[in-house]
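Worksheet: the structure to be examined is printed underneath.
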Amino acid sequence: MGDDSQTILDILSKLVACDTQNPPRDIGIDHPIWPVIRQCLPDDLDCSVADHGRGRVSLLARRGRPRVLFQVHLDTVPAGAGWSTPPLQLTVVGQRAFGRGTCDVKGAAACLIAAFAKARGDLAILFTTDEEGSESCCVTEFCHSGELEPFECVVVAEPTRCRAVSGHRGYLSVSGQFAGGGGHTSDAGRLSESANHRALGWGATALKIAAEFECNELDGQSCCFNVGRIDGGIKNNMVADSCHVSWSARVPPGRDQQQLLTRLTQDKAFVHWQTRFAGNPLPADRRQLECVNRWISDCDLAAGDPVDFWTEASIFSSFGKPAIVLGPGDIGQAHAPDEWVDVRQLDLAVQAYARINEYAGDIAK
């Protein structure tokens, strides 16, 4: 293991030891992770903090007038059970570094810090804390603030095995509360008022709509429509007076996600729909791909195919900024017990981040 690898692991060890599990997302401006980041970054960076409440904090570390913004979230999913190593302690075995967040995405955060710890010139890194809660308030508010405007490109750190990814699926999370009229099942006239029957009727139609939505496309990609929960009624000799349904969809890039959402929620006669999360596919505008592909080529990055998971890159894209997703690790290791990242991937990520920032500095001259 070289000196550079050890430096990355030293930083990663400090980050993993900071408990940033989300939930409960107890990450205020006085959380121990902020001093760790400030101590590892160059002293001459201007650091500004935005506290949006409820553990939603962002830190922008910036110097000069950078053309590219790097963004990484610091919150992790809960550690959960089933670990063979302490989840909040970095454990290195061979080429694998274990610990909660090593893959998603404190490993990438350590790489960004290591890449720019001794760097000179313009640079900007946005650290956020609410990606795992399906809120993304930090990124959204940053974009609304106008601070995004000077940047030409955004690099979002997520596990892509260090391949530069320019596209990914969107993500919809929707719940519906069906209303009905309770009663005895011996009254045949009351059965049509069952909230459960209404929910099942919607479900049958929804499956047809999802299938039609897929069949109308030429690329053969699924929209990954899933009814995750149906919960209504009390017992089988009582007509259900309410039923809760939750569903999700992961729409591939290039599809009209809003059209699918509109069609699946157009029935409002006996149901109240609530869209809990709507993250668009990446890119929001196909015209951004020309800029993204130029950055990938000029920085000599390994290009990757579109991925199936959603990232905050789509938010930046929806605000008109071309975005690349790039980070160490494989999504297959994320959110799992004994989460790990390959140490060699960490080295590759540092090199890639450094090349991107150097390229941005060169084109600024």
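Against the conditions (1) at pLDDT below 95; (2) in contact with a strand residue (DSSP E or B) (Cβ under 7 Å, 6 or more places away or on another chain), LEU74 satisfies every one except (1). The single condition among (1) small (Gly, Ala, Ser); (2) touching a His at 6+ places or on another chain (Cβ under 8 Å); (3) in a loop (DSSP other than H, G, I, E, B) that GLY82 does not satisfy is (2).
Among all positions in the stretch 76-87, there is no residue which is in contact (Cβ under 8 Å) with a residue 24 or more places away in the chain, in contact with a helix residue (DSSP H, G or I) (Cβ under 6 Å, 6 or more places away or on another chain) and surrounded by 17 or more Cβ atoms within 10 Å (Cβ to Cβ).
Taken over the stretch 152-186, the criterion of being under 25 Å from PHE319 (Cα atoms), open to solvent by less than 10 Å² (accessible area, probe 1.4 Å) and either among the small types (Gly, Ala, Ser) or free of Cβ contacts under 8 Å to residues at least 40 places away in the same chain (or both) is satisfied by ALA157, ALA164, GLY167, GLY170.
Please indicate, with yes or no, whether at least one residue in the stretch 250-267 is within 30 Å of THR185 (Cβ to Cβ), in a loop (DSSP other than H, G, I, E, B), among the aliphatic types (A, V, I, L, M) and more than 20 Å from the chain's Cα centre (by Cα). There is no residue in the stretch 250-267 that is within 30 Å of THR185 (Cβ to Cβ), in a loop (DSSP other than H, G, I, E, B), among the aliphatic types (A, V, I, L, M) and more than 20 Å from the chain's Cα centre (by Cα). Suppose we filter ALA278, ALA249, ALA240, ALA269 for residues that are open to solvent by 30 Å² or more (accessible area, probe 1.4 Å) and in contact with a helix residue (DSSP H, G or I) (Cβ under 8 Å, 6 or more places away or on another chain); which single one remains? None of the other options fit; the residue is ALA278. Which residues, counting only those in the stretch 150-182, are out of contact with any helix residue (DSSP H, G or I) (no Cβ under 6 Å at 6 or more places or on another chain), of a type outside the set (A, V, I, L, M, F, W, C) and part of a loop (DSSP other than H, G, I, E, B)? Of everything in the stretch 150-182, those that are out of contact with any helix residue (DSSP H, G or I) (no Cβ under 6 Å at 6 or more places or on another chain), of a type outside the set (A, V, I, L, M, F, W, C) and part of a loop (DSSP other than H, G, I, E, B) turn out to be PRO150, GLU152, GLU158, THR160, ARG161, ARG163, GLY167, ARG169, GLY182.
Taking the numbered list (1) open to solvent by 10 Å² or more (accessible area, probe 1.4 Å); (2) touching a Ser or Thr at 6+ places or on another chain (Cβ under 7 Å) in turn, GLY101 passes all entries but (1).
The values are calculated or read from the model by the stated rules, or taken from the named source; none is laboratory data. Small disclaimer: the values here were computed from a predicted structure and weren't measured. Using ideal geometry, Cβ is built from the backbone for each residue, glycine included, and neighbour counts are taken over all protein chains shown. Quick note on the areas: whole protein, heavy atoms, side chains included, nothing else; ligands and nucleic acids left out. Shrake-Rupley method; radii C 1.70, N 1.55, O 1.52, S 1.80 Å.
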